[in-house]
1. Under a point-charge model restricted to the Cβ atoms of Lys and Arg (+1) and Asp and Glu (-1), what is the dipole moment magnitude of the stretch 82-136 relative to its Cα centre, in debye to the nearest 20?
2. With +1 on each Lys and Arg Cβ and -1 on each Asp and Glu Cβ, and nothing else charged, work out how big the dipole of the stretch 153-314 is about its Cα centre, in Debye to the nearest 20.
3. Put +1 on the Cβ of every Lys and Arg and -1 on every Asp and Glu Cβ in the stretch 82-136; which of L87, T118, L128 then has its Cα farthest towards the positive end of the dipole?
4. Using a cut-off of 13 Å between beta-carbons, work out the net charge of the residues near D340 (Lys and Arg +1, Asp and Glu -1, D340 not included).
5. When Lys and Arg each count +1 and Asp and Glu each count -1, what net charge do the other residues less than 10 Å away from L327, Cβ to Cβ, add up to?
6. Go through the stretch 358-367 residue by residue and turn each phi into a ³J(HN,Hα) via Karplus (6.51, -1.76, 1.60, θ = phi - 60°); whole Hz please, and just put x for glycine and proline.
7. Say the dipole of the stretch 153-314 comes from +1 at the beta carbon of Lys and Arg and -1 at that of Asp and Glu; which of P277, T171, Y221 then lies farthest toward its positive end?
8. Whole-Hz Karplus ³J(HN,Hα) for the stretch 110-119, in order, using 6.51 cos²θ - 1.76 cosθ + 1.60 and θ = phi - 60°, x for Gly and Pro?
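Since every read-out is calculated from the coordinates, none of them should be taken as a lab result. Small disclaimer: the values here were computed from a predicted structure and weren't measured. Every residue, glycine among them, receives a Cβ derived from its backbone with ideal geometry; neighbour counts consider all protein chains shown.
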Amino acid sequence: MKNSEIGLKREEGLRRFALIASLTDEKISPCEKQQRKNFVLQEENISERTLRRWISAYKAGGFDALVPKERKDKGISKAISADAMALAETCRKELPRRSAEVIRTHLKSSGFDVALSTLERQLRERGLSGREIMMHEGQNGTRRFNRVGRNTLWQADIKYGPYIPDPKNPTKKIRTYLMVILDDATRMVVHGEFYDNQKLPILENALRQAILRCGVPKTFYCDNGKIFISNWMQLACAKIGIKHLRTQKFSPESKGKIERFNRTVEGFIDEVQLESPKNIDELNHHFRAWLSESYHHKPHKGLGGATPASAFAKDTSPIRFSNLETLREAFLWECKRRVDKSGVLSLNGKNYEAGIDYLRKTVLLKYDPFNISEIELWEGHEKKKTLRELSIQEFNCKNHAPAEPPKGPGHSRVLKVLQEEHKKRFKQKLGAFQMGVKSDV
């Protein structure tokens, strides 16, 4: 047996001893012993039968009995035939990224019924772990990483949300989209919000609000979706001084932290569907309370039991804030429009009066895509004036009362409690994170 294998077996023996050590003390009461046993079973995710077997082995043979023994039939698989194993090896070598589940399905279609755990173990013992092969061949493997210092790295992702009534036609439903930006070091969601469309630059809007609340990040990390790599997004990052990074294609595992958070959000979506929110504002109201009470102020295993809110607040890394005017201008969109013979120009179906000085001229416009009631007219690098929407004519139309959407069957008790806890937290002014922040954020 190799020295490395011996060391691994001894480490396993030490791990087993550490688990049963507190249960072998004869001086503790049966009640306390049961409490310790329940704690070990829950934390280590092992069966009670296994725990009893280790305790009996230790009492009979001491520490050596806890060290895994070398199997006499090692290398000889009774659960998988040589032909099946040969086919499995070919499948793995052919495409290292091919999962064991896919290989098992292929084996089954070829007449070999193999347990998944057996297949994975046999491939691993033969040095055919997919990750090891990719590392050996110089391919990029994935490792866990954790940046040190708040605002060092932000990750962003978008997730499908629940359906809500269409504000233009309450009898229909529209899909919502959750945009999340997460601080890698502290797991803090610097901004999360549901939107009712993907046409507007929701990523830019979320990033701007995150910077206003938590400062400017050094690096912004996102995938290769269109909204994440748009020219406007990259331009905004450049103007503020943010390094914009993209993940490798077809490698969602490189954003594991935010992908894990998205799975946590599934619990909220299940709860909020009981409330049947009538609009996007109501949906976000519930989400902010859930985010605060069920995530930001809840102990996080990845932070050693600290909460994301406390981890962000106690981090001593300096926060860099951006000038408000610089931040506003960084997220403005630009376009060119021609002024007609009456001195009016059009943008997104709305009319604006540029004035007689610009008749039949092509001008540069800058505007906030989320609010085009006012737009800016520029010449070269100089702002000339602010244009407001022009009301050419007014007319009245018959008011038709919209049909009320059907009422939901009930409400979420969980979200109701979270809302109350959220209100109490702000009344008590607890936590450095909450200072200077709106009570519903």
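1. Details: 10 positive and 8 negative charges, 36 e Å.
So the dipole magnitude of the stretch 82-136 works out to roughly 180 debye.
2. Details: 24 positive and 17 negative charges, 104 e Å.
Once rounded to the nearest 20, the dipole reads 500 debye.
3. Toward the positive end, the furthest listed residue is L128.
4. On the way: positive: R337, R338, K341, R360, K361; negative: E353.
Net charge around D340: +4.
5. Values: positive: R208, K239, R328; negative: E325, E329.
Spelling it out: positives minus negatives among the neighbours equals +1.
6. Rounded to whole hertz, the list is 10, 4, 6, 9, 9, 10, 9, 10, 10, 7.
7. My answer, from the dipole projection, is Y221.
8. Whole-Hz 3J(HN,Hα) from phi for the stretch 110-119: 9, x, 10, 9, 10, 5, 4, 4, 5, 4.
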